[in-house]
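A.B. asks: Got a structure for you, written out below as structure tokens; questions coming shortly.
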Amino acid sequence: MNPSTNSADTEAAAAAWFAKRESGDWNAADQAQLEEWLDSSTACRIAFIRIVTAWERSGRLNALGAGVPPRTIPPRGTWSFGPSPKMPSSGAAQKPLKGAADPEIDVAPSMADIPDVRALSRPQFRRSMRAIAALLVVATTVGAVWHLSKGHADSYRTQIGAITTVPLSDGSKVTLNTDSQIHVELNPTMRRIKLDQGEAFFEVAKDAARSFVVDIADKRVVAVGTKFSVRRDNNDIRVLVTEGRVRIERRGISSEAVQTQLTAGSEARTAQAAILVDQPAPAQVEQLLSWRTGYIMFRDTALADAVADFNRYTARKIVIEDPAIAGIRIGGNFRSDDADAFLWLLQSGFPINVEPRGDRIILTKR
């Protein structure tokens, strides 16, 4: 079970390690291999903590579901878990996990039927672990999609921490990231989206008679049938094309000299009048678009940049008060709605002190 940069593979490997550890056939050599795997990346450690947490909590769902009719999911927020128990040891002594805080996990009531691990045969245990892994994937997906507020017929906006997909009448789809807003204008001769703020991923239905135009300040991104993302930072943009091709223009200027063509796999950033084009590696593309699955991915990322990313998803802002820690490099996959996991990692794995102060969370060197 080798480390993987793919979050789904990492979750599956964590579930396999946990299943093997709890199956009763565990020795010191297995424990050493597990610890080596946990130490291989922050993502591995967090995934294993998430699996253990889900298993521990599943044993309490029968009591929590008392009085709830069968096949009825209680309203969000009506289940309250207390502090998570310590991780159980099995076989050799366990090494404390330096990972994420116990994340909030929403699971379906059917998990209440999962029996105690020690009462399961190995085939039954493996089936149960696959069920838990599937539920974790569902929980991540559900946690990623929150609220969509529609101001009027052609205006869509997500709240802070929300991610959602808007189907358009022409067959296109727009996925909005946290705190984003668009205005949509579709008619028989044109398809125009105004990105007022935030970030969006566009899956454009082919229509040779109507180009698909995204307006941002004095710039526009033009496509016919393609897939691409646009992130707005004030009046500058960052465009990543995953399929087809797009054209970046300055509005009101028709000269080809000020147009930039982007093909699949290309990324462009604007800096006022300049446009910088790059060809990011596949791992970088995955990282840049991971928000669509409800995750934020960091690969050797400076703490200052990681904090800036997380602050897009939370109203309670994280502040680096000590510049000495701003350049610390971190890595891992985190749920965008679970800043507590990120902060736990900083507190546990780095010389960083995490201190809540009112509506802010202050980071200083420890």
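Each value in this text was obtained by applying a stated rule to the coordinates, not by laboratory testing. These numbers come from a predicted model, not from an experiment. For neighbour counting, all protein chains shown are included, and Cβ atoms are generated from backbone atoms with ideal geometry for every residue, glycine included.
A.B. asks: Find how much the distance from Glu35 to Ala302 grows on full extension, using 0.36 nm per residue of separation minus their present alpha carbon separation; answer in nm with one decimal. Kindly include the intermediate steps, with their values, before the conclusion.
C.D. replies: On the way: separation 267, 0.36 × 267 = 96.12 nm, distance 2.57 nm.
Full extension of this stretch gives 93.5 nm more.
A.B. asks: Something else about it: For Lys365 paired with Val277, estimate the spin-label separation in nm (one decimal), with each label point 7 Å from Cα along the Cα-to-Cβ line.
C.D. replies: So the label points at Lys365 and Val277 sit 4.3 nm apart.
A.B. asks: Measuring from label point to label point, each 7 Å out along Cα→Cβ, what is the Lys206 to Lys173 span in nm?
C.D. replies: Label at Lys206, label at Lys173, 1.8 nm between them.
A.B. asks: Would you please give the residues with an amide H less than 5 Å from that of Glu243, counting only those at least 5 places away or on a separate chain, with H modeled from the backbone geometry?
C.D. replies: Amide H to amide H, under 5 Å and 5 or more residues apart or across chains, Glu243 pairs with Lys227, Gly265.
A.B. asks: Would you mind checking which residues have amide H under 5 Å from Ile361's amide H? H placed 1.01 Å from N; only 5 or more apart, or other chain.
C.D. replies: Under 5 Å from the amide H of Ile361: Lys317, Ile318, Val319.
A.B. asks: Using a Förster distance of 30 angstrom, determine the FRET efficiency expected from the C-beta separation of Asp236 and Ala315, and round it to 0.05.
C.D. replies: Efficiency at R0 = 30 Å is approximately 0.75.
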